[in-house]
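One structure is given here, and the rest of the page talks about it.
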Amino acid sequence: MTEVARSLELTIPPGALPAGLSAADVRVARLAPEASGLRLNGVPPAVAYQLEPSGAQFRAPVTLRVTLPLQGDEIPLLYHLTEDGPALMAESRMEINS
């Protein structure tokens, strides 16, 4: 299953959905960056998405691919926002194409 919302692609491999959750239950919505509530040095994120259902834990790793135009020496960071606040996603891999 692949869900695309502009510059975000979520790929869920077969067998990764938790019990009781179907592909139709998984939703991706683009948010206004200011709506994320995240600020780094006072600046909102370049893009923000809401993935639902909140709290879903997959049985196998899923792939979340974000395509962004970069300028100069920018390096993007990926955060997971929860009720507890933002957390840098430690288990992420970045590929930068020039």
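Read-outs: derived from the displayed coordinates by stated rules, not from any lab. Here the structure is a predicted model, which is why all the values come from computation and not from measurement. All Cβ positions, glycine included, derive from the backbone under ideal geometry; neighbour counts span all protein chains shown.
Among the residues in the range 31-38, are any out of contact with any Gly (no Cβ under 8 Å at 6 or more places or on another chain), exposed (fewer than 14 other Cβ atoms within 10 Å of the Cβ), hydrophobic (A, V, I, L, M, F, W, C) and in contact (Cβ under 8 Å) with a residue 24 or more places away in the chain?
No, the range 31-38 contains no residue that is out of contact with any Gly (no Cβ under 8 Å at 6 or more places or on another chain), exposed (fewer than 14 other Cβ atoms within 10 Å of the Cβ), hydrophobic (A, V, I, L, M, F, W, C) and in contact (Cβ under 8 Å) with a residue 24 or more places away in the chain.
Report whether or not Leu8 is farther than 18 Å from Ala87 by Cβ, out of contact with any Asp or Glu (no Cβ under 9 Å at 6 or more places or on another chain), without any contact (Cβ under 8 Å) to a residue 60 or more places away in the chain and surrounded by 13 or more Cβ atoms within 10 Å (Cβ to Cβ). Break it down stepwise before answering.
Numbers: farther than 18 Å from Ala87 by Cβ: yes; out of contact with any Asp or Glu (no Cβ under 9 Å at 6 or more places or on another chain): yes; without any contact (Cβ under 8 Å) to a residue 60 or more places away in the chain: yes; surrounded by 13 or more Cβ atoms within 10 Å (Cβ to Cβ): yes.
Judged against the criteria, Leu8 is a match.
Determine if the range 12-22 includes at least one residue that is surrounded by fewer than 14 Cβ atoms within 10 Å (Cβ to Cβ) and under 12 Å from the mean Cα position of the chain (by Cα).
So far as the range 12-22 goes, no, none of its residues is surrounded by fewer than 14 Cβ atoms within 10 Å (Cβ to Cβ) and under 12 Å from the mean Cα position of the chain (by Cα).
Can you tell me how many residues within the range 19-31 are in a loop (DSSP other than H, G, I, E, B) and of a type in the set (Gly, Ala, Ser)? So that I can check it myself, show each step before the final result.
Taking the range 19-31 as the starting set, the residues that turn out to be in a loop (DSSP other than H, G, I, E, B) are 19-22, 26.
When the remaining residues are screened for being of a type in the set (Gly, Ala, Ser), the result is 19-20, 22.
Within the range 19-31, residues that are in a loop (DSSP other than H, G, I, E, B) and of a type in the set (Gly, Ala, Ser) number 3.
What tally of residues in the range 32-76 results from selecting those that are under 22 Å from Met94 (Cα atoms) and part of a strand (DSSP E or B)?
The qualifying residues number 10.
Here are Arg39, Arg65, Arg59: which of them is within 14 Å of Leu10 (Cα to Cα) and charged (D, E, K, R)? Break it down into steps so the answer makes sense when it comes.
Details: Arg39 fails: within 14 Å of Leu10 (Cα to Cα); Arg59 fails: within 14 Å of Leu10 (Cα to Cα).
Selected residue: Arg65, the only one of Arg39, Arg65, Arg59 that is within 14 Å of Leu10 (Cα to Cα) and charged (D, E, K, R).
Which numbered condition in (1) of a type outside the set (Asp, Glu); (2) surrounded by 13 or more Cβ atoms within 10 Å (Cβ to Cβ); (3) outside any strand (DSSP E or B) is the only one that Pro86 fails?
Here Pro86 clears every test but (3).
I'm checking my understanding of the structure. Among residues of the range 3-62 that are β-branched (Val, Ile, Thr) and in contact with a strand residue (DSSP E or B) (Cβ under 9 Å, 6 or more places away or on another chain), which one is farthest from Glu74 (Cα to Cα)?
At the first step, the residues of the range 3-62 found to be β-branched (Val, Ile, Thr) are 4, 11-12, 26, 28, 43, 47, 62.
Those still in the list that are in contact with a strand residue (DSSP E or B) (Cβ under 9 Å, 6 or more places away or on another chain) too: 4, 11-12, 26, 28, 47, 62.
Working: Val4: 24, Thr11: 26, Ile12: 28, Val26: 31, Val28: 25, Val47: 14, Val62: 25 Å.
Of everything passing the filter in the range 3-62, Val26 is farthest from Glu74 (Cα to Cα).
Using beta carbons and a limit of 9 Å, which pairs, at least six apart or on different chains, have the first residue in the range 18-30 and over 18 Å from Ala48 (Cβ atoms) and the second one of a type outside the set (S, T, N, Q) and assigned to a strand (DSSP E or B)?
Ala23/Glu3; Asp25/Glu52
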